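Single-structure report; data block below.
The values are calculated or read from the model by the stated rules, or taken from the named source; none is laboratory data. Here the structure is a predicted model, which is why all the values come from computation and not from measurement. Here the Cβ positions follow ideal geometry from the backbone for every residue, glycine too, while neighbour counts run over all protein chains shown. Accessible surface areas use protein heavy atoms only, side chains included; no ligands, DNA or RNA. Shrake-Rupley method; radii C 1.70, N 1.55, O 1.52, S 1.80 Å.
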Amino acid sequence: MNAENVKSQMRKGILEYCILLLLKKEAAYTSDIIQKLQEARLIVVEGTLYPLLTRLKNGELLSYRWVESTQGPPRKYYSLTEKGEAFLVELESSWQELNNTINHLKNI
């Protein structure tokens, strides 16, 4: 069994949650999202992020607006919708339950 494969699957599993957490604080441009995820040591490439953002938008969890840029074309800034905020509350609850379960298992 390859530990790197398992770690990769774990990161993929929490990526949506992490993106929603970031966008809860403020709207963000794709490269800003990537930078913040990388700062948190969650390595993500654009090829992974764009389809995920599209899926979240199609699920009505995110919306976006175009903002003119002083350098280059307009930028698409993503933000949470009301449905996205409610979904994030559910994910936060699930994360807490998982965290409690893992901590319990570590201590038995």
Overall form of the range 49-108 per C-alpha gyration tensor (a/c, 1.5; a/b vs b/c): prolate
Under 20 Å between alpha carbons - lysine pairs in the range 20-108 that sit 8 or more apart or on different chains: 12
Sum of side-chain charges, residue 38 neighbourhood, beta-carbon under 13 Å (Lys, Arg +1; Asp, Glu -1): 0
Protection-proxy order for peptides 58-64, 48-54, each taking the mean of Cβ atoms within 10 Å per residue, highest first: 58-64, 48-54
Net lengthening on full extension, residue 90/residue 12 (0.36 nm per residue, minus Cα-Cα): 26.3 nm
Solvent-accessible area per residue for the chain (1.4 angstrom probe, square angstrom): 72 Å²
Calculated Rg/Rh (Cα atoms, Kirkwood Rh) (choose from (i) 0.98; (ii) 1.13; (iii) 1.03), label: (iii)
Estimated distance in nm for a label pair at residue 58 and residue 30, the labels positioned 7 Å out from Cα along Cα-to-Cβ: 1.5 nm
Mean Cβ count within 10 Å, highest first, over the residues of peptides 84-90, 41-47: 84-90, 41-47
Carbon/sulfur fraction of accessible area - the range 1-45, other protein chains in place, 1.4 Å, %: 53 percent
Cβ-placed point charges (K, R +1; D, E -1), dipole of the chain about Cα centre in debye, nearest 20: 220 debye
Among 44, 14, 96 - extreme Cα towards positive end, dipole of the chain, charges at beta-carbon: 44
Extended-chain gain in nm, criterion 0.36 nm per residue less alpha-carbon gap, residue 41 and residue 102: 19.8 nm
